1. If you find the alpha carbon centre of the stretch 261-292 and of the stretch 42-67, how far apart are they in angstrom?
2. Residue 493 to residue 634: extension gain in nm, 0.36 nm per residue of separation minus the Cα-Cα distance?
3. What length, rounded to one decimal in nm, is gained on full extension from residue 204 through to residue 340, with 0.36 nm per residue of separation minus their alpha-carbon distance?
4. Can you give the % of DSSP beta bridges in the stretch 342-597 that are antiparallel, to the nearest 5?
5. Let me have the relative contact order for the chain, percent, based on Cα pairs under 8 Å that are six or more residues apart.
6. Cross-link list 185/565; 313/350; 330/632; 184/261; 199/223; 184/223: which exceed 25 angstrom alpha carbon to alpha carbon?
7. Under a plain spin-label model, where a point goes 7 Å from the Cα along Cα-to-Cβ, how far apart in nm are residue 319 and residue 189?
8. Looking at the stretch 587-642, what % of the alpha carbon pairs are farther apart than 18 Å?
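Each value in this text was obtained by applying a stated rule to the coordinates, not by laboratory testing. None of the values given here were measured: they were computed from a predicted structure. Counting neighbours? That spans all protein chains shown, and the Cβs are built from the backbone with ideal geometry, glycine included.
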Amino acid sequence: MTPVESRAPGRRAISRSIQSVFGVLALTVALIWAGDSRAEEETIVSHGYSFYGTLTYPEDFNHFNYVNPDAPKGGEVSLPFVGTLDSMNPYNGKGRAHLFSIFHYESILGEAPSRVALPADVYSEYYCLLCESVEYPPGREWVIFHMRPEARFSDGTPVTAHDVVFSHNLILDQGLRSFREAVKKRIPNVEAIDDHTVKFYFADGISRRSLIEQVGGTTVWPKKWFDETGTRLDETWVETPPGSGPYVIESVDLSKRIVLKRNPDYWGKDLPINVGRNNFDRIRLEIFGDDTAAFEAFKAGEYTLRTEGDSRKWATGYDFPKVDQGHVVKKELRNGSPPVPTGIVFNLGKDVLKDRRVREAIALAFNFEWTNESLQYGLFSQRSSFSQGTPIEAKGTPEGVELELLQSLGDLVPPGMITEDVRQPHTSNPARVFDRRNARKAMALLDEAGYTIGDNGTRIDASGRPLKLNFLLSGSTSATGKAVMENFVSNVRKLGIDITLEVVDPAQYTSRERDRDYDLVFDQYAAFLGTGTGLAQYYGSEAAEFSLFNPAGLASPLVDAIIEKSLQALTREDEKAAVMALDRALRYEFFMIPLWYNPSYWVAHYDQYEHPEQIPPYALGHLDFWWYNQDKSDALRVAGALR
């Protein structure tokens with residue numbers, strides 16, 4: 001249990017208490033029943049936040065369990081990026097920026113905006129970073145963050161409550177529309193009580209779920225910098241505002257590389273939340289036009305660590321001499337997070353794709369079994385769920401609390417969701433790319449949808465218009481990925497559908513993706529392990545027309561209702577049932593052809609890096625809690641493996 005304290009709101013002084021959050025809540029409930037007016041004054045104060053009140057790490061923790069507290073500082077790690085970049089501002093939806101553009105910023109609670117969820121060994125717990133404590137009433141009508149007076153931006157300017165208010169309002173005024181719309185209705189006001197105390201107010205009549213962690217995740221910028229430079233958030237940047245984080249930007253050339261360096265004067269380097277982390281002196285990103293050039297550069301030692309996503313390369317490409325000599329090591333490391341729901345996404349805004357039968361027919365053209373065995377060396381598993389491999393993955397038919405929840409939604413729930421097993425991907429013949437059995441099913445569905453075969457063999461509707469589709473693919477897709485999509489498109493054509501695979505450069509892909517200028521697109525959604533207001537940005541109807549995170553434009557009253565139910569959950573059991581029902585509903589809506597996933601991280605690096613023996617479940621952490629071994633690096637250079 002986490003140490004907390006009950007007190008009148010707004011006071012700065014914090015006495016240490018051994019009461020648990022549950023204890024405080026119980027006391028408050030008792031006072032309310034007793035009609036004691038003091039109940040309104042009771043608040044919960046803690047060094048972190050969890051909706052259910054329990055924190056794994058106590059107030060006096062020394063470091064996260066998975067880090068090496070004695071990890072040496074020093075050295076450099078370098079990585080590749082394949083594609084084009086033209087901005088250092090990802091907050092406005094314009095241009096193309098890399099996560100390194102926000103690597104130097106921090107948030108109030110310790111989930112850094114650009115790196116890993118903290119801590120990486122537990123889910124949905126948040127610990128103070130820019131704040132030293134968080135304070136809120138049991139009803140969560142508001143939250144106060146007591147900021148650390150010692151916090152500084154890299155230019156030496158203090159981080160104050162006024163910067164927090166400015167940053168929050170800047171996002172609302174000039175940030176991404178999907179985020180603005182989601183936040184405005186939930187957070188009507190924020191104020192700086194004094195230089196180091198900031199208070200967020202939450203709207204009445206809405207779920208309290210995710211509100212505190214949402215505002216605690218606010219990226220904090222220096223108001224002074226924006227005032228002095230006149231820069232706007234809705235502009236494209238190359239020069240960025242100073243951050244308060246452990247790294248600063250050393251140099252930027254968006255056609256070649258971005259270099260970060262560790263700030264020796266970082267204000268928070270000795271905080272328990274940072275012990276054993278931020279170990280590299282420099283982090284370098286090398287930019288390449290295609291992955292073939294990037295891979296050859298890795299073999300030559302132009303950069304030193306690579307996370308691999310191409311099964312062909314992983315199976316056959318790492319046979320060069322440096323691997324045989326032990327200078328480069330290959331590793332498969334455990335990944336405890338649900339895989340990213342990647343797949344072929346249907347644009348539900350297109351009339352032809354609003355017909356579920358057409359989507360089902362197109363999906364039957366994808367042959368996972370043949371693809372995996374023939375093109376991917378049997379290294380992948382087929383994804384079915386949006387929470388694959390987790391306790392909240394929907395299975396079989398609904399039962400227990402999940403069944404009760406679905407039944408409470410009445411006619412919104414199709415009968416088949418109650419009586420039939422959760423949707424699973426179809427199976428195909430691994431012996432041939434075009435599965436004739438599935439093709440017959442697909443053709444019957446197209447016939448049923450009113451698309452008959454015309455004189456030239458192309459499917460036409462009742463008015464004689466051909467069934468035409470375009471499939472948008474980024475030019476940065478790996479050679480194996482392109483081969484997979486080419487075979488899929490070939491199979492779709494055999495059904496009589498006039499489909500074109502459009503491979504465009506990454507910049508054009510980003511632009512067209514934002515405009516939703518496609519029928520099908522190879523894209524992704526967000527996996528989830530629990531509920532949160534962010535689910536509506538990905539899967540909700542309200543932002544379906546403009547959200548960058550909802551490439552299908554999914555707008556389902558059923559999904560909306562389940563998300564709302566999940567936000568109202570007051571116990572872990574109810575939350576689990578709700579998000580399991582959400583997984584079931586998303587699979588039923590069928591707006592994406594699920595493809596494959598890898599349950600491990602594939603990592604190759606020059607043998608000069610080390611990491612904890614046990615990688616935490618929710619982060620690889622290669623830029624966060626790995627470290628550099630100087631002796632090994634020297635040996636590589638003596639051997640001529642590195643320059």
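1. First find each Cα centre; the distance between them is then 25 Å.
2. Details: separation 141, 0.36 × 141 = 50.76 nm, distance 5.58 nm.
The span from residue 493 to residue 634 would gain 45.2 nm if fully extended.
3. Working: separation 136, 0.36 × 136 = 48.96 nm, distance 3.38 nm.
This chain segment gains 45.6 nm when fully extended.
4. On the way: 13 of 22 bridges.
Taking every DSSP beta bridge within the stretch 342-597, about 60 percent pair in antiparallel fashion.
5. Values: 1288 pairs, mean separation 116.3, N = 643.
Taking the mean separation of contacting Cα pairs over the length of the chain, I get 18 percent.
6. Values: 185/565 18 Å; 313/350 36 Å; 330/632 16 Å; 184/261 36 Å; 199/223 17 Å; 184/223 21 Å.
Flagged as over cut-off: 313/350; 184/261.
7. That separation, rounded to one decimal, is 6.9 nm.
8. Details: 840 of 1540 pairs.
Value for the stretch 587-642: 55 percent of Cα pairs lie more than 18 Å apart.
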